[in-house]
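**Q** Provided herewith is a single structure, encoded as structure tokens, for subsequent inquiry.
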Amino acid sequence: MTATEVGGVAVVSDEPTRAPFDAPGGKAVFWQQIRTLTLADGTTAFGCVHCDYTSANRNSIRPHLHRHNGKRRGAARTVKTAASSLSLADLIEKAEQIDALAADRDAWKARAREAEKKLRMLRNALGGAA
Ligand SMILES: [Zn+2]
């Protein structure tokens, strides 16, 4: 639930935040999840639509919204353009894939070392026999 007060000052209006850019055709873009909160003392704050998180800085709401992405995994998955758009679950999944690759690489490295050792022994044995 969006905050109903900020620092003890009541929120008198809660509206979607107008983006600093327009859609093609000059149509205004509104961020529904980033709320513009007008307070009883006439100041403005920005808030999260999902919880009572607020900030004086509009730009700090967007990174905060990722906290709520767990419930909207499908939506988060459609915008995999940058690491910042990945949900925490996605990042953990990626980290696990990297771990698995590293483990695989280490296993192959060990096999290569073993093969090298056997080759050396064989070479020594043949060299000694010649
Ligand atoms: Zn929130």
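The values are calculated or read from the model by the stated rules, or taken from the named source; none is laboratory data. Keep in mind that this is a model prediction, so the values were computed, not measured. Counting neighbours? That spans all protein chains shown, and the Cβs are built from the backbone with ideal geometry, glycine included. In case anyone asks, the SASA skips ligands and DNA or RNA and just uses the protein heavy atoms, side chains included. Shrake-Rupley method; radii C 1.70, N 1.55, O 1.52, S 1.80 Å.
**Q** Name the residues in segment 13-30 that are modelled with pLDDT under 95, of a type in the set (D, E, K, R) and closer than 23 Å to THR54 by Cβ, would you?
**A** Of everything in segment 13-30, just one residue is modelled with pLDDT under 95, of a type in the set (D, E, K, R) and closer than 23 Å to THR54 by Cβ, namely ARG18.
**Q** So, LEU37, is that one among the hydrophobic types (A, V, I, L, M, F, W, C) and either at pLDDT below 95 or loosely packed, with under 13 Cβ neighbours inside 10 Å (or both) or not? Quick ask: steps written out before the conclusion?
**A** On the way: among the hydrophobic types (A, V, I, L, M, F, W, C): yes; either at pLDDT below 95 or loosely packed, with under 13 Cβ neighbours inside 10 Å (or both): no.
Answer is no for this residue.
**Q** How do the pairs read when you match residues in segment 52-70 that are at positive phi with residues anywhere that are modelled with pLDDT under 95 and exposed (fewer than 14 other Cβ atoms within 10 Å of the Cβ), using Cβ under 9 Å and keeping only pairs 6 or more apart or on different chains?
**A** Listed pairs, sorted by first residue: none to list.
Let's see how each residue does on (1) touching a Ser or Thr at 6+ places or on another chain (Cβ under 9 Å); (2) among the hydrophobic types (A, V, I, L, M, F, W, C); (3) closer than 12 Å to GLU5 by Cα:
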{"residue": "LYS27", "(1), (2), (3)": "no, no, no"}
{"residue": "THR36", "(1), (2), (3)": "yes, no, no"}
{"residue": "ASP41", "(1), (2), (3)": "no, no, yes"}
{"residue": "THR44", "(1), (2), (3)": "yes, no, yes"}
{"residue": "CYS48", "(1), (2), (3)": "yes, yes, no"}
{"residue": "SER60", "(1), (2), (3)": "no, no, no"}
{"residue": "ARG67", "(1), (2), (3)": "no, no, no"}
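**Q** Take segment 3-55 and flag every residue that is more than 16 Å from the ligand (Cβ to nearest atom) and not in a strand (DSSP E or B).
**A** First pass over segment 3-55, keeping only residues more than 16 Å from the ligand (Cβ to nearest atom): 7-10, 12-13, 15, 18-30, 38-44.
The answer is GLY7, GLY8, PRO24, GLY25, GLY26, ALA40, ASP41, GLY42, THR43.
**Q** Also, quick follow-up: Report whether or not ALA95 is assigned to a helix (DSSP H, G or I), hydrophobic (A, V, I, L, M, F, W, C) and under 37 Å from the mean Cα position of the chain (by Cα). Give the steps one after another, and end with the answer.
**A** Details: assigned to a helix (DSSP H, G or I): yes; hydrophobic (A, V, I, L, M, F, W, C): yes; under 37 Å from the mean Cα position of the chain (by Cα): yes.
Taking the combined requirement at face value, the residue satisfies it.
**Q** If you check ARG67, ARG77, ARG58, which single one turns out to be modelled with pLDDT under 60, open to solvent by 60 Å² or more (accessible area, probe 1.4 Å) and not aromatic (Phe, Trp, Tyr)?
**A** On the way: ARG67 fails: modelled with pLDDT under 60; ARG58 fails: modelled with pLDDT under 60.
From the options ARG67, ARG77, ARG58, the qualifying one is ARG77.
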